[in-house]
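Please read the structure below before turning to the comments.
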């Protein structure tokens, strides 16, 4: 089975003032469809950089990141935006919901961006919200939702176009333990036919993962 | 506070574009104000200078009516008061005959009186020898030096002059230095004895005015009971009326300043948004609210100072252009101001600076107070974003303010109109956010259908940030509303005057002493003999004469015309028009008119004075008070203070003399207008220097006067639109800054840069459409209505509503174009938002 996400000798460094920061050094790994992988490591180890490269938000300094066989560094900015839209769903630590849009509108956003008809986009968004248990809160704005509810909306949004690759950056980092547990369980419910990569400090996430990748000083441990 | 101020100033240096934008907005508003102020006060000073040039060292002037004059006997009565110096004065225009007939302004002065010499003084005074010669040599004249040089005149030369009473040969008794005086008057000058002037201009025993000194105003008023007495520095009623017409420029300046306020407000808001974390950090480490507030305000007052200074200087440059419009407009009522120039004075300079800095302070205060009032904890927290859901209270307060503003505007008072503009703008600023919320919500679906998700987001952004958007809709819409309202008024005026001129003036050519364009309302007269001269010209089928003068009535000068009633009616019959002439044709009215018992009044006179047809009014004439009945209303747009129509013979009896102001001629059917004009010109050359104007030229003159009145306004509106443009650009940049995180996120989940930029462009499009609609509708309802009432209150003219469709379409399209152009930089800024840092956890 072809890998949905591959890192091949990937390095990523940044210039910060006079010094060069090596966030990732020669990392190679691959992710298969249906796999739930936890990426763990201390702060500053390069986890978020890895996730940004996996999400085509960034490109490597050297090496190659392939998503569905497509090298991200060979795409222009618009090409990467299309790739993110069709292939990747994001869940962030601080939810990153659009504060001015209701829960339903947030979830429908990717479908609408892709040009889907409004009625269809809203219908599918509503059913996704039902699935994450927020059918009754569809018209609420993010500020009217609790942290756990906001993260569930974010999860629904990440799944709105049926993205085969779900990337979650500390999805439980801003939630209490019980709520974090519920979110992990919910993520698990959507894993069928989908690759899920969770960057986390949470031991519970490690427990539900098929595979754990440990990163330290920019290298896979 | 010093470090805070330093930090603020450094921040301004980092954003020179924004500083320039605010300074530019303030500078434009101030420039409009300063140019209007300088032009209007320049014209006012010119009027005063001209009056002073005529009056020499006198303190007061006594007049009867504008052209009716005073009896000679009043001078003797005044001179009986110990210490009082009184100088009689006659002023009129005459023609210097010759191969090249030219105009000469003639002043009749009393050289036999020591008083005259005392009053005049300075370089314009004839020396005692010349004055004596003027007394000894019959029909002598003293001419200004430039005129003498041009004509090769010297003492003893003969100067053939034609006045309204006929031709006369004057002998040059001397020459006076004319430096300054002819510039003030805008004409060449000849001084003759006052009694000769009375004879020349057909007003024996009557003088125009008496200049007086050596007495208090109150005492003079008791001695000259029944006559108008005023200070030489005080403007005449006609001058006040003329200046009132151009004071609307202050209203435009006020609008520009209010629009500038919105731009300053949004610029300060942008800066504060960018520095919210810094402000919160400073609060967290102990800076007080007062310290922060002072630092922010001081920083913007400095920008305001730069903008105001630039505005004052730009205003000084702009004033010469504005002055042309103002002078043209004033001259259409008061043919005196020919060489007005705008002067920058210290009070004007300081006033401009104070208004500019005050405006910036007021506009910057609101966002600054809001920023320092914010809890530092909340401001430091990541992703703080609070929505304002309801603007209902503000909406209803705004509705009330707009209602009060519009209510005040239809009262007609000038000061109230300015207050009403301010209240209406403030009201709109309060109510518009709620309107934005509702309308943006309504159009979300349509925008989504038309433009996809960017359309939806654009409408949604406007709905969620209604205040920011509303301000700019008001700013641009307000500027455009002026354009629409002025157009509606001008179109109404044009339609009415064109129809009136074609229907009410039964002549083809009007013969006057001076051109219609320069002195539509001049008091120059023609000799009666011209009536016969013109009637004998081949191609002229019919002529009649008209005399015009003015009479004081309720503090203003009312125009009075005397028609040759029977020939006038015949002219209408031949012309195939009757218009209001059918009222004269009525046998009862005609009898009353010819007997001098009745008079017709223009609709605007009736509206301004509240007089009713059938009632009597008392009119002061040179022959005493005329108790006369109002026979009927007539449509007329000649004079903004109203017109009274009587029979020529009645007028000649009451106003004395038999001069004419117009000789109106009809051209025979097969004759060519231009040929006949040429013949009239040739035939009258030996008799008088005349101007010939046909009906279409009169329409052209009316249009020119109107254009002159509104040209300055048009220029100012375009400048105000630039301020609106800046405002929209600012608003969109604020939107991008406020939504950096949201933009980053949208990009992260797959939105393309193109879609993102389309969102910003569509937002601008919606603002443009909103501003265009507000400008079009607001211009008609909120602008045209008050302007129409203001015009009605000032002139009594009530014009029909002519919807300026073309102008409204231009306004909507223009607003969309302005808004779209304003979106270019914000679109680039949106595309530059870095995705990773925007969505990164803080």
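Read the figures in this text as sums done on the coordinates, not as results from a lab. Everything quoted here is computed from the prediction, not taken from an experiment. A quick note on method: Cβ atoms are made from the backbone with ideal geometry, for glycine too, and the neighbour counts reach across all protein chains shown.
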### Degrees, to the nearest 10: A:103-113 long Cα axis against longest axis of chain A
60 degrees
### Task
In whole angstrom, note down how far apart the Cα centers of the stretch B:557-589 and the stretch B:625-674 are.
9 Å
### Task
Rounded to the nearest 0.05, what FRET efficiency do residue B:595 and residue B:233 give with R0 = 45 Å and r taken as the Cβ-Cβ distance? Could you check?
0.55
### Task
Give, in nm to one decimal, the length gained when the segment between residue B:777 and residue B:10 is fully stretched (0.36 nm per residue of separation minus the Cα-Cα distance).
271.8 nm
### Query
In whole Å, what is the distance between the alpha-carbon centres of the stretch B:482-501 and the stretch B:73-100?
42 Å
### Task
With everything on Cα atoms, drop me the angle between helix A:77-87 and the longest principal axis of chain A, reported from 0 to 90° to the nearest 10.
60 degrees
### Query
Listed highest first by mean packing, meaning other Cβ atoms within 10 Å per residue, what order do A:14-23, B:77-86 come in?
B:77-86, A:14-23
### Query
Assuming R0 = 25 Å, what is the FRET efficiency of residue A:123 and residue A:78, from their Cβ-Cβ distance, to the nearest 0.05?
0.30
### Task
With a 10 Å radius around each residue's Cβ, average the other Cβ atoms per peptide and rank A:189-200, B:306-317, highest first.
B:306-317, A:189-200
### Task
For residue B:350 and residue B:532, calculate 0.36 nm times their separation in residues minus their Cα-Cα distance, and state this gained length in nm to one decimal.
59.4 nm
### Query
Across peptide A:95-103, how many C-beta atoms of other chains are within 10 Å of each residue C-beta, on average?
6
### Query
What FRET efficiency, computed as 1/(1 + (r/R0)^6) with R0 = 41 Å and r the Cβ-Cβ distance, is obtained for residue B:403 and residue B:813, rounded to the nearest 0.05?
0.85
### Query
What does the helix-only formula give at 222 nm for the protein assembly as shown: each DSSP H stretch with n ≥ 4 adding -39500 (n - 2.57), the total divided by the residues, and the result rounded to the nearest 500 deg cm²/dmol?
-18000 deg cm²/dmol
### Summary
Expressed in nanometres to one decimal, the distance between label points 7 Å along Cα→Cβ at residue B:625 and residue A:43 is 9.7 nm
### Query
What percent do you get for the relative contact order of the stretch B:527-689 when only Cα pairs under 8 Å and 6+ apart count?
36 percent
### Summary
Averaged over the residues of B:188-201, the number of partner chain Cβ atoms within 10 Å of each residue's own Cβ comes to 0
### Query
By counting other Cβ atoms within 10 Å of each Cβ, how are B:207, B:168, B:634 ranked from fewest to most?
B:168, B:634, B:207
### Task
Whole Å is fine, so just give me how far the alpha carbon centre of the stretch B:597-618 lies from that of the stretch A:1-52.
94 Å
### Query
Roughly how crowded by other chains is peptide B:441-452, in terms of the mean Cβ count from those chains within 10 Å of each of its Cβ atoms?
1
### Message
Quick check: residue separation of residue B:616 and residue B:502 times 0.36 nm, minus the Cα distance between them. What number comes out in nm?
### Response
38.0 nm
### Query
Fewest first, what order do B:38, B:827, B:276 take by the number of other Cβ atoms within 10 Å?
B:276, B:827, B:38
### Query
Quick one: which of B:190-199, A:40-49 comes out on top by average Cβ neighbours within 10 Å, and what's the full order, highest first?
B:190-199, A:40-49
### Query
Tell me, A:117, B:679 in order of fewest to most beta-carbon neighbours within 10 Å?
A:117, B:679
